[in-house]
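The values are calculated or read from the model by the stated rules, or taken from the named source; none is laboratory data. Just so it is clear, the model here is predicted, and its values are computed rather than measured. Glycine also receives a Cβ, built like all others from the backbone with ideal geometry; neighbour counts cover every protein chain displayed. Note: areas computed on protein heavy atoms with side chains; ligands, DNA, RNA excluded. Shrake-Rupley method; radii C 1.70, N 1.55, O 1.52, S 1.80 Å.
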Amino acid sequence: MISEKLEKARAYEAENEKKITPLMRPVFHLTPRVGWMNDPNGFSYYNGKYHMFYQYYPYRPFWGPMHWGHAVSEDLLHWNYLPAALAPDEPYENGGGCFSGSAVELSDGRQLLVYTGVLSEKQPDGTMHDVQQQCVAVGDGVNYEKCENNPVMTAKQLPSDSNRFDFRDPKAWKAADGSYRCVMVNCDNKGDGRAVLFESKDGFSWNFKSILTQNNGKFGKMWECPDLFELDGKAVLIVSPMEMEAEGLEYPNGHGVVCQIGTYDDETGTFTCEHAQSVDYGIDFYAPQSTQTPDGRRVMIGWMQNWAFVNQHAETEPWFGQMALPRELSIVDGKLIQRPTKEFDALRKNPVSHNGVCVSGLEAVKLEGIEGRVADVELTIAPKSKDDSYYMFEMRFAQDDKHYTALRYRPHESELELDRSYSGSRIAMVHKRSCKVQDNGGSLKLRVVIDRFSAEVFVNDGEQVMSITFKTDLKAEKISFVADGVVKIDILKYEIK
Ligand code: FRU
């Protein structure tokens, strides 16, 4: 049975998506069918296709009671919208609605969505408070029925020191023995974040297993959107902490995404961290979720936005929020490596290259055939000679006479900076972020993927990634280079078709 609320959302999106022409969207990054998008949800491979659900408010380009939008793809780059999958139509979702969650295939072939229902509940002192509980819905890849026993996991099942209001974002998976596990975030009654683990034989009836790991004040306060998986023989736990305090150039203030690499003991349900690092060093990246491809790769997609800047746009924007490029993950020397997928590489067309070009001086250098707002640019930069270092190199893109976004490198500090100060923004928000990179005598390998309203920079074959969004007019499609000193560059640019 499709509820009135879901029917209304489906009719609304089908009617209003017509107002959004293809030119108003990125080419290979998923945007909401209409209205608002935040976290990726239920990212999975099911019945021969990748499914991406997302936190969705169809009626305005701002956050509102959460629905789940839905799209499918064969290559994670060309997406087809399906009708909205969930609307907040049950009494237990009358607060914030249907918050983030995940999808698993049941043994009988149906798809199970596990999500957070946010209920507005009267407290003993008479005030209303949102309470978060986990719910399930089961379906065929298009239509989903919420389970009569919802909620299936509540804070009452958690240890007694648990905060019962913050308990959300279930990421479920099937264990080797065919039973199910689910990791969620919670915090203790002092506000210290943690990840908790539940288990289930059938996906419908769940028991608390363990506190997977406690933050102990290390990464922000409350955590969001946990993801736990095995990768190259290690266990990886990715969480998005809130209220982080900046730590050098490794972690930013506010919301961030932290990857912890270590070991996971399925007996005790505990995770031990051996190494931690930022997942993205740009400005716009949060709440990523991963899945395994049929050929065994671990691919992750994040929300390419930052909660600090989501209320600065106009009501008339056709959509707000987009997903980041899918990244294939691996671990090399104990560290997370992220690269574009082979499916993305297959879309690269019409290569243009220039080798050994010397850029020197602050007069911008333009190179024949190097431009575009939908492009993949591979760039190697190096000093002219070993003993002839430079001070600064800058690549400018999405550029017209007045605007550009810059990727800037200062070899003496080993600092790479993304800067959208001149992208046309009229808002006093954070426009720059830098990271320390592995510098080989002033040489650096960069790959800049541009898709109309965003850029993602892969540094040194995926050692670091920096993501940024901007709204510069689409006619700004020049790319140019400046240098303080002399920099030798090799460049290879593709169109993405
Ligand atoms: C993270 C988040 C989740 C929550 C959802 C609500 O961006 O705050 O914790 O489930 O967004 O839309």
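Points to keep in mind about this one:
- Crossing angle, helix 4-16 versus the chain [Cα axis fit, 0-90 degrees, rounded to tens]: 20
- Overall form of region 359-433 per C-alpha gyration tensor (a/c, 1.5; a/b vs b/c): oblate
- Cβ crowding within 10 Å averaged over residues, with 238-247, 299-308 ranked highest first: 299-308, 238-247
- Carbon and sulfur %, accessible surface of the chain computed with the full protein complex present, 1.4 Å: 48
- Here the sum of -39500 (n - 2.57) over DSSP H runs of 4 or more residues, divided by the residues of the chain, equals -1000 deg cm²/dmol at 222 nm, to the nearest 500.
- At R0 = 25 Å, FRET efficiency that the Cβ-Cβ distance of Asp484 and Val357 yields, to 0.05: 0.90
- Straightening the chain between Lys402 and Thr316 buys 28.5 nm, computed as 0.36 nm per residue apart minus the Cα-Cα spacing.
- Karplus-derived HN-Hα couplings along region 394-407 (A = 6.51, B = -1.76, C = 1.60, θ = phi - 60°), whole Hz, x at Gly and Pro: 9, 9, 10, 9, 6, 10, 10, 4, 10, 10, 5, 10, 10, 10
- Neighbours of Gly262 by Cβ distance under 12 Å: Lys/Arg scored +1, Asp/Glu scored -1, total -2.
- All Cα pairs of region 380-497, percent lying beyond 24 Å: 24
- Alpha-carbon Debye profile of region 1-87, log10 I(q)/I(0) at 0.14, 0.18, 0.22 Å⁻¹: -0.45, -0.75, -1.11
- In order along region 201-208, the Karplus-derived 3J(HN,Hα) couplings, from 6.51 cos²θ - 1.76 cosθ + 1.60 at θ = phi - 60°, round to 7, 10, x, 10, 10, 10, 10, 5 Hz, and Gly and Pro are given as x.
- Of all lysines in the structure, the ones whose alpha carbon falls short of 17 Å from that of Lys402, not counting any fewer than 8 places away in one chain, are Lys366, Lys471, Lys475, Lys478.
- Multiplying the residue separation of Ala308 and Lys497 by 0.36 nm and removing their Cα-Cα distance gives an extension gain of 64.8 nm.
- With the convex hull of the Cα atoms taken as the outline of the chain, the averaged projected area works out to 23.2 nm².
- Across q = 0.27, 0.29 Å⁻¹, region 328-390 modelled as identical point scatterers on its alpha-carbon atoms has Debye log10 I(q)/I(0) values of -1.20, -1.30, in the order of the q list.
- Surface accessible to a 1.4 Å probe, Phe165 within the full protein complex, Å²: 50
- Cβ-based charge dipole, the chain, positive-most Cα from Thr116, Gly262, Leu212: Thr116
- Straight-distance candidates among the lysines for linking to Lys335, with alpha-carbon spacing under 17 Å and chain neighbours fewer than 8 residues away dropped: Lys234, Lys436.
- Computed with a 1.4 Å probe over protein heavy atoms only, the accessible surface of the chain comes to 40 Å² per residue.
- About its Cα centre, the chain has a charge dipole of approximately 880 debye under the convention of +1 per Lys or Arg Cβ and -1 per Asp or Glu Cβ, with nothing else charged.
- The three principal axes of the Cα atoms in region 407-467 give end-to-end lengths of 38, 24, 13 Å, sorted in falling order.
- Theoretical FRET efficiency, 1/(1+(r/R0)^6), r = Cβ-Cβ of Ser107 and Ala364, R0 41 Å, to 0.05: 0.10
- Accessible surface ranking that places the most exposed of Asp401, Asp232, Asp89 first, with a 1.4 angstrom probe: Asp401, Asp232, Asp89
- In order along region 429-440, the Karplus-derived 3J(HN,Hα) couplings, from 6.51 cos²θ - 1.76 cosθ + 1.60 at θ = phi - 60°, round to 10, 5, 10, 9, 8, 10, 9, 7, 10, 6, 9, 10 Hz, and Gly and Pro are given as x.
- Computed packing ranks the peptides 479-485, 7-13, 292-298 as 479-485, 7-13, 292-298, most packed first, by mean other Cβ atoms within 10 Å.
- Relative intensity of region 287-333 on a log10 scale, I(q)/I(0) at q = 0.24 Å⁻¹, equals -0.89, per a Debye sum over C-alpha point scatterers of equal strength in the absence of solvent.
- Added length on full extension, which subtracts the Cα-Cα distance from 0.36 nm per residue, Asn189 to Asp75: 36.7 nm
- Prolate/oblate/rounded label for region 446-497 (Cα gyration tensor, a/c 1.5): oblate
- A straight Cα-to-Cα reach below 22 Å connects Lys342 with the lysines Lys49, Lys445, Lys493, Lys497, residues fewer than 8 places away in its own chain not being considered.
- Cα gyration tensor, region 90-198 - rounded (a/c under 1.5), prolate or oblate: oblate
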